[in-house]
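Q: Here it is, the structure in full.
The values are calculated or read from the model by the stated rules, or taken from the named source; none is laboratory data. All figures in this text were calculated on a predicted structure; none of them were measured in a lab. Counting neighbours? That spans all protein chains shown, and the Cβs are built from the backbone with ideal geometry, glycine included. Just so you know, the surface numbers come from the protein's heavy atoms only, side chains and all, with ligands and any DNA or RNA stripped out. Shrake-Rupley method; radii C 1.70, N 1.55, O 1.52, S 1.80 Å.
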Amino acid sequence: MYATIARLCNDVSGVTLMFHLDLAPADPILGLTETFKADLHPDKINLGVGVYQDANGRTPVLAAVKQAETRLLETETSKSYLPIPGVPEIASYTQELLFGEHHTIIEQGRAKTAQTPGGTGALRVAADFLKRAKPNATLWLSDPSWTNHHTIFEAAGFSVQSYRYYDKISQRLDLAGLVADLERAARGDIVILHGCCHNPSGIDLDKGAWETIASQAKAKELVCLVDFAYQGFGDGLEEDREGLHVLLDTGLAVLVASSFSKNFGLYNERIGAVTVVEETENDAINTFSHIQTAIRAMYSSPPAHGGNVVATILSDASLKELWIEELGEMRTRISTMRQAFVQQMAIRQQVVDFDFINHQKGMFSFSGLTQEQVLKLREDNHIYIVGSGRINVAGITPSNLEPLCDAVAKIL
Ligand code: LMR
């Protein structure tokens, strides 16, 4: 809890209206990046924030993005405001990525999309809208979930509860616990589901688990908000939307918060999207009007550059092909490093069988390291891992793999 009681007072210089606040806690993920940057050790390793790094430890600008930006520099004619939902083409391109080209939801006009400042912006817009639409609903998050989920939904005024997800003993999904906890949800409560590449555990729901949740959500009239920040980092663009499609095929109205930060490498351009799918086009139009009201009150309209880059790439067959290829390279590199880590750990020690990591998907892996071990790795080896033991597998490179495994084996 923030100890944030501000009080008005006179300070010694006679200036009035000073806030006396305690220091807010550093963000567990972004704060770690700052600590990493301040570390001057030449062999430091950053496995903290979820940002892709190539084999040389760099976060590249994708070639497809560079080419799109070159075109935009030539063709852009105005910096005037975008409409509230952003670059107009982003809506249809986002929907094609989420549902597939010519999907009936698109043809029937049942989905409406607004471009947002990143996936975080999409979640915050959804949270603000949901708080107005369902003021008494409780919001359910997986245990664990991305730390910022708590912050976003509490900031929007929600009472947040957790449903079981990760079984510490088996290091696998606790489906029975999940179902039992969601059974306690009230009719009309909101449940956040990770579309793929669960953050932080890397443990995804299989099709059967999605079906179980979908029928439970239908029976209890739960509102599903799918956080879809890593499409393309699990098994592929199409494969990763399997869970979302199970929800849609069950006939649920769904909200999706998606992001182009990771799959386009557009982290600092802040580009994502919020999409609502309703039963009829008319319902979608009505709901979307309230989403636009929420956006207007928060930031009016999104920044243009990231949206223009994504629209340029997805409107051009050869740029799109190049992007899909580059996305595939990122996904393959991460999964190669995942396997290499498991292999190297097995060579070094037999205390822990890290095979469970091979079953996790996407950028992250729950390593099972304790907070104490995480701190020791930071102090002794300049290796930066989030306190929960979450490793950004994309931060492992052929040159830091061995020193990393040596250090981890030593502290087990
Ligand atoms: C992460 O989980 O590391 C990323 O989504 C970056 C962030 O904003 O926390």
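Q: Hey, what did the stretch 258-392 get for relative contact order, percent, Cα under 8 Å, at least 6 apart? Intermediate values should be presented prior to the final figure.
A: Details: 92 pairs, mean separation 18.7, N = 135.
For the stretch 258-392, the relative contact order is 14 percent.
Q: Within the P(r) computed for the stretch 196-335, what percentage of the Cα pairs occupies the region above 21 Å?
A: Pairs farther apart than 21 Å: 52 percent.
Q: Same structure, new question: What percentage of the solvent-accessible surface of the chain, computed with a 1.4 Å probe over protein heavy atoms, is contributed by carbon and sulfur atoms? Let's see the in-between values first.
A: Details: 9950 of 19130 Å².
Accessible surface attributable to carbon and sulfur in the chain totals 52 percent.
Q: Can you tell me, using C-alpha contacts under 8 Å and at least 6 residues apart, the relative contact order of the chain as a whole percent?
A: Working: 737 pairs, mean separation 98.2, N = 412.
Relative contact order, the chain: 24 percent.
Q: Can you run phi through the Karplus equation (6.51, -1.76, 1.60; θ = phi - 60°) for the stretch 172-180 and list ³J(HN,Hα) in whole Hz, with x for Gly and Pro?
A: Once θ is set to phi - 60°, the couplings for the stretch 172-180 become 10, 5, 9, 5, 5, x, 4, 5, 5 Hz.
Q: Among rounded, prolate and oblate, which fits the chain when a ≥ b ≥ c are the square roots of the eigenvalues of its C-alpha gyration tensor, a/c under 1.5 means rounded, and a/b larger than b/c means prolate?
A: Since a/c stays below 1.5, the shape of the chain is classed as rounded.
Q: A follow-up question, please. State the percent of C-alpha pairs, over all pairs in the stretch 262-304, separated by a distance greater than 13 angstrom. Don't jump to the answer; show the numbers that get you there.
A: On the way: 575 of 903 pairs.
That tail contains 64 percent of the Cα-Cα pairs.
Q: Stretched out fully, how many nm does the piece from Ile169 to Ala133 gain, at 0.36 nm a residue minus the Cα gap?
A: 9.1 nm
Q: When the chain is fully extended, how far beyond the present Cα-Cα distance does Ile411 get from Asp143, taking 0.36 nm per residue of separation?
A: Roughly 93.9 nm would be gained on extension.
Q: Near the amide H of Ile383, under 5 Å away, which other amide H atoms are found, from residues 5 or more places off or on another chain, if H is placed in the peptide plane?
A: So Ile383 has HN proximity to Ile45, Arg378.
Q: Let me ask another. Which residues make up the longest stretch of the chain that has no GluC sites (Glu not before Pro) in a DSSP loop with at most 13 other Cβ atoms within 10 Å?
A: Result for the longest clean stretch: 280-412.
Q: Here is a follow-up. The stretch 227-244 to the stretch 35-84: how many Å between their Cα centroids?
A: 21 Å
Q: When the convex hull of the Cα atoms of the stretch 98-184 is projected onto a plane and the area is averaged over all directions, what value comes out in nm²?
A: Over all viewing directions, the stretch 98-184 projects a mean Cα-hull area of 7.9 nm².
Q: While we're looking at this one, here's another question. Probe 1.4 Å, all protein chains in place: accessible area of Met18 in Å², nearest 10?
A: Here the residue's solvent-accessible area equals roughly 70 Å².
Q: Add -39500 (n - 2.57) for each DSSP H run of 4 or more in the chain, then divide by its residues: what number comes out at 222 nm, to the nearest 500 deg cm²/dmol?
A: Helix contribution divided over all residues of the chain: -13500 deg cm²/dmol.
Q: Skip the ligands, DNA and RNA, and give the accessible area per residue of the stretch 296-348 with a 1.4 Å probe, whole Å².
A: On the way: 2400 Å² over 53 residues.
On a per-residue basis, 45 Å².
Q: Scanning the chain for trypsin sites (Lys or Arg not before Pro) in DSSP loops with at most 14 other Cβ atoms within 10 Å, what's the longest stretch left with none?
A: Of all site-free stretches, the longest is 188-412.
Q: Whose amide H sits under 5 Å from the amide H of Arg172, counting only residues 5 or more places off or on another chain, with H placed in the peptide plane?
A: Under 5 Å from the amide H of Arg172: Asp167.
Q: To continue, here is another question. Starting from the Kirkwood radius over alpha-carbon pairs of the stretch 321-360, derive D by Stokes-Einstein at 25 °C in a medium of 0.890 mPa s and give it in µm² s⁻¹. If you can, show how the numbers build up before the last one.
A: Working: Rh = 11.3 Å.
Answer from the Stokes-Einstein relation: 217 µm²/s.
Q: Where nothing but the Cβ of Lys and Arg (+1) and of Asp and Glu (-1) is charged, how large is the charge dipole of the chain around its Cα centre, in debye to the nearest 20?
A: 840 debye
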